[in-house]
Amino acid sequence: MGMIIKIPPEVRGILMRLKRAGYEAYAVGGCVRDSLLGDKPQDWDICTSALPDQTRACFDHCVLTGVKYGTVTVLRGRNSYEITTFRAEEGYSDSRHPEQVRFLDSLYEDLARRDLSINAMAADADGLVTDHFDGLHDLRHGLIRCVGEAEQRFTEDALRILRALRFAARFGFTIEPRTAHAIHALKDSLLKVSPERIRKELKGLLMGKAAVEILSEFSDVLAVILPELQPCMGFEQHNPHHIYNVYTHSLHTLAQVPSTEPLRLAALLHDIGKPACFTLDEAGIGHFYGHSEKSFELCDRLLHRLHYDNKTISHVCTLVQIHDLMLEPISEKRARRLLSKYGEPMLRDLISLRRADALATGTADPEELEHSLAQFSELLDRLLVQEGRFTMADLDINGNDLLSMGLPRGRQIGQLLHVLFDSVLEGICENQKEKLVEYARFLLSKKDFH
Ligand code: ATP
Ligand code: MG
């Protein structure tokens, strides 16, 4: 008696439809793996012996989405399901894309082309699992293993190297020795993979629960895609506040920030400028003056190279740039300025990064740390309740008001608005029209204001 998984009614409906038309059809890949692990699958992929046109003829609402690969997408209510004809991929001359696909009529060969044993299982309409490559065994034992010969599979498609690391990090699995050996041996072929595909896998890898273990064991692989990190690996800090080298410290930081893509990236990259800024004083203590700015530069270059979107680049780079900003003790005036300059989401992320960074030195007193960070975050809460995020647009006076006070059009208006904005931030003037008009008159009466 084999393993049985639960097939949702919509999926069962699709599988039964194909079966009644005389074809084989199965749920396959990630959905079977996740069901066996007791996780809810993100989507249900289906494979079938029907050719794309035959699949299309079975369903009213469907679109041909991947002509070349034989994928038909069937729409059911709010959900969509990808149905792909059994296939094999042939001729990977560039380690990236199969040259052509060949449609097959056997499930076995379709499973054989898949990357990892845990991703190479299928289930029929009754949920009965087909497992030709010991996927169940590897799931039970927490193992990442290639289907077939690891070296050959990574040579066909180098992205599988990162996929193996990503799944290991996500599930906390171990990469079995032969697969691990092939990964180390073939890591340089990742240079041929497009930035977009790397970025997607890297995200999953960094956000995985076992990211730190995998990034330690496979630091050489990470150095291929993020060469800027290479100098950090093994770089000793010679500082009594740090017990770890720069790379290990960065990984510990990563492990302690919440699992969002920008925070994980910022944690990994916040100190990449350190090796370039290292100095040793007479007492033999290491310093890294200006490293935040250097890290910022390297980080900006790295994220652009991997084609991250501008929003992510700017958020991550700013976090890296300000990760060492003095926050304790913090005055209300300063907090208000920071809030206005960076906005709330950035400062909340900064607090998470600071906590993780301090804990990852290996020498911080957690209680003391929580206390001082709590002070900053409570101050933010208070300011946000009182006034929300305050920007120039929120100033209760505008250019037209100043014009009607008799000021000439031109540069002076803008300058005066900035001075008024600063006065509100500093608590010199209330953000209220009459008060601001009055204060503007006062400023204009002073001779040195042009
Ligand atoms: P996730 O939950 O992350 O989507 P998944 O297993 O569904 O996990 P996908 O990237 O959606 O992963 O791929 C679907 C299936 O296609 C995989 O389970 C695997 O069987 C196969 N697959 C995907 N990419 C490759 C690849 N590069 N080489 C071989 N097989 C692959
Ligand atoms: Mg998927």
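In segment 204-213, what residues are within 16 Å of ligand 1 (Cβ to nearest atom) and either without any contact (Cβ under 8 Å) to a residue 40 or more places away in the chain or among the charged types (D, E, K, R) (or both)? So that I can check it myself, show each step before the final result.
Step one: list which residues in segment 204-213 are within 16 Å of ligand 1 (Cβ to nearest atom), which gives 204-211.
Answer for segment 204-213, where residues must be within 16 Å of ligand 1 (Cβ to nearest atom) and either without any contact (Cβ under 8 Å) to a residue 40 or more places away in the chain or among the charged types (D, E, K, R) (or both): Gly204, Lys209.
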Subset of segment 214-249 [part of a helix (DSSP H, G or I), touching a helix residue (DSSP H, G or I) at 6+ places or on another chain (Cβ under 8 Å) and free of Cβ contacts under 8 Å to residues at least 24 places away in the same chain]: Leu222, Ala223, Gln230
Pairs only if they're at least six apart or on different chains, beta carbon under 8 angstrom, first in segment 145-166 and among the aromatic types (Phe, Trp, Tyr), second assigned to a helix (DSSP H, G or I); list them, first residue then second. Phe154/Arg160; Phe154/Ile161; Phe154/Ala182; Phe154/Ile183; Phe154/Leu186; Phe154/Ser189
Among helices (runs of 4 or more DSSP H) lying entirely in segment 398-445, which contain 3 or more residues that are in contact with a helix residue (DSSP H, G or I) (Cβ under 6 Å, 6 or more places away or on another chain) and under 20 Å from Ser340 (Cα atoms)? 411-425
Quick check: anything in segment 48-71 of a type in the set (A, V, I, L, M, F, W, C) and within 16 Å of ligand 1 (Cβ to nearest atom)? no
Inside segment 130-151, can you point out the residues that are surrounded by fewer than 24 Cβ atoms within 10 Å (Cβ to Cβ), on the phi < 0 side of the Ramachandran plot and within 14 Å of ligand 1 (Cβ to nearest atom)? Thr130, Asp131, His132, Phe133, Asp138, Leu139, Val147, Glu149
So which pairs qualify, if the first residue must be in segment 109-122 and touching a residue at least 12 places away in the same chain (Cβ under 8 Å), the second must be of a type in the set (S, T, N, Q) and part of a strand (DSSP E or B), the Cβ gap must be under 6 Å, and the two must be at least 6 apart or on different chains? Ala122/Thr130
Mind listing just one residue for me: the one in segment 118-129 that is within 13 Å of ligand 1 (Cβ to nearest atom) and over 13 Å from Trp44 (Cα atoms) and, of those, surrounded by the most Cβ atoms within 10 Å (Cβ to Cβ)? Ile118
Looking only at segment 42-60, which residues are of a type in the set (A, V, I, L, M, F, W, C) and within 19 Å of Ser106 (Cα to Cα)? Ile46, Cys47, Ala50, Leu51
Going through segment 6-23 one residue at a time, which ones are within 16 Å of ligand 2 (Cβ to nearest atom) and either within 17 Å of Leu139 (Cα to Cα) or in a helix (DSSP H, G or I) (or both)? Val11
Failed criterion for Pro227 (all others in (1) crowded, with 17+ Cβ neighbours inside 10 Å; (2) over 30 Å from Arg140 (Cα atoms); (3) not basic (Lys, Arg) hold): (1)
Return the pair list, or none, for Cβ contacts closer than 7 Å from residues in segment 24-46 that are within 20 Å of Val72 (Cα to Cα) and outside any loop (DSSP other than H, G, I, E, B) to residues that are within 13 Å of ligand 2 (Cβ to nearest atom) and among the aromatic types (Phe, Trp, Tyr), at least 6 apart or on different chains. Ala27/Trp44; Cys31/Trp44; Ile46/Tyr81
Go through (1) within 15 Å of ligand 1 (Cβ to nearest atom); (2) more than 23 Å from Ala50 (Cα to Cα); (3) surrounded by fewer than 16 Cβ atoms within 10 Å (Cβ to Cβ) for Tyr108 and report which single condition fails. (2)
Leu383 - would you say it is surrounded by 14 or more Cβ atoms within 10 Å (Cβ to Cβ), out of contact with any Phe, Trp or Tyr (no Cβ under 9 Å at 6 or more places or on another chain) and touching a residue at least 40 places away in the same chain (Cβ under 8 Å)? no
Among (1) modelled with pLDDT under 90; (2) aromatic (Phe, Trp, Tyr); (3) assigned by TED's automatic domain parsing to the domain that holds Asp271, there is one condition Phe442 misses while meeting the rest; what is its number? (3)
Answer yes or no: is there a residue in segment 21-41 that is farther than 15 Å from Asp110 by Cβ, at pLDDT 95 or above and more than 16 Å from ligand 1 (Cβ to nearest atom). yes
From the list Gly29, Gly38, Gly22, which residue is on the phi > 0 side of the Ramachandran plot and surrounded by 19 or more Cβ atoms within 10 Å (Cβ to Cβ)? Gly29
In segment 345-369, residues that are modelled with pLDDT under 90, surrounded by 14 or more Cβ atoms within 10 Å (Cβ to Cβ) and part of a helix (DSSP H, G or I) total 1
Regarding segment 168-175, can at least one residue be identified that is polar (S, T, N, Q), in a helix (DSSP H, G or I) and outside the structural domain of Asp131 (by TED's automatic domain parsing)? no
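The values are calculated or read from the model by the stated rules, or taken from the named source; none is laboratory data. What you see is a predicted model, and the numbers here were worked out from it, not measured in a lab. Cβ: placed from backbone, ideal geometry, glycine included. Neighbour counts: every protein chain shown.
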